[in-house]
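In what follows, a structure is listed as structure tokens, so that the remarks can point back to it.
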Amino acid sequence: GIDAVRERCLEAGRDEVLTKPLWFEELQALIERRVFAPRALLDQSAGADEGPVVLEAVQFDHLLELQDETAPDFVTGLIDLFLKETPGRISEIRAALVADNLLEAARLAHIVKGASANFGGRALQSASAQMEAVAKENRKGEALVLVEALNTEYTRLATALELGKKRFTLENSRR
């Protein structure tokens, strides 16, 4: 039966198993466990068992607590602004590096670091801090390589923020 299938899947290395029929609440719970869990979205295939989280649930939930009826779009507006501006900032970092303006790259990395910290985006915050330090030390080659890490961590954080925004919107619509 279903229990035997679930057991075989878990023995084969699956972390979790959903069976048909899929229920929205079960799927949502699974997504939240995988995205908002303390080790969310780490590259398990590479054997990573520690490192900064993509989106720290405690920090994100604290941000959500700032929401009130007087500004119903406050949190979603902050997320949207971050999602709109950050890819451009990462592109500006790359352009500054190519132009040998490492101080500008460090300044921009500092901005991305702070913005991601506001949401609890620890992996992007960490990558940005590393970029800032390497750029300040005038290590252009390493900094150019780190731009890809910024893009990767931004993409992962953007996915988590979109899910968080949907969760927040769904919870507020039920009130």
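General remarks:
- Note, ³J(HN,Hα) from phi for the range 53-61, Karplus 6.51, -1.76, 1.60, rounded to Hz, x at Gly and Pro: 6, 5, 9, 6, 4, 4, 5, 5, 5
- Rounded percent of accessible protein surface that carbon and sulfur make up, the range 65-170, 1.4 Å probe: 56
- Cut-off under 5 Å, modelled amide H: who pairs with E56 long-range: G121, R122
- Rounded to whole Hz, the Karplus (6.51, -1.76, 1.60) HN-Hα couplings of the range 145-159, x for glycine and proline: 5, 5, 4, 5, 5, 4, 4, 4, 5, 4, 4, 5, 5, 4, 4
- Accessible area in square angstrom per residue, the range 113-163, 1.4 angstrom probe: 42
- Label-point separation in nm, A95 to L27, each point 7 Å along Cα→Cβ: 4.0
- Of all lysines in the structure, the ones whose alpha carbon falls short of 25 Å from that of K20, not counting any fewer than 8 places away in one chain, are K166.
The values are calculated or read from the model by the stated rules, or taken from the named source; none is laboratory data. The shown structure was predicted, so the numbers you read here are calculated from the model rather than taken from an experiment. With ideal geometry, Cβ positions are generated from the backbone for all residues, glycine too; neighbour counts draw on all protein chains shown. The area values use the complete protein model at the heavy-atom level, side chains included, leaving out ligands, DNA and RNA. Shrake-Rupley method; radii C 1.70, N 1.55, O 1.52, S 1.80 Å.
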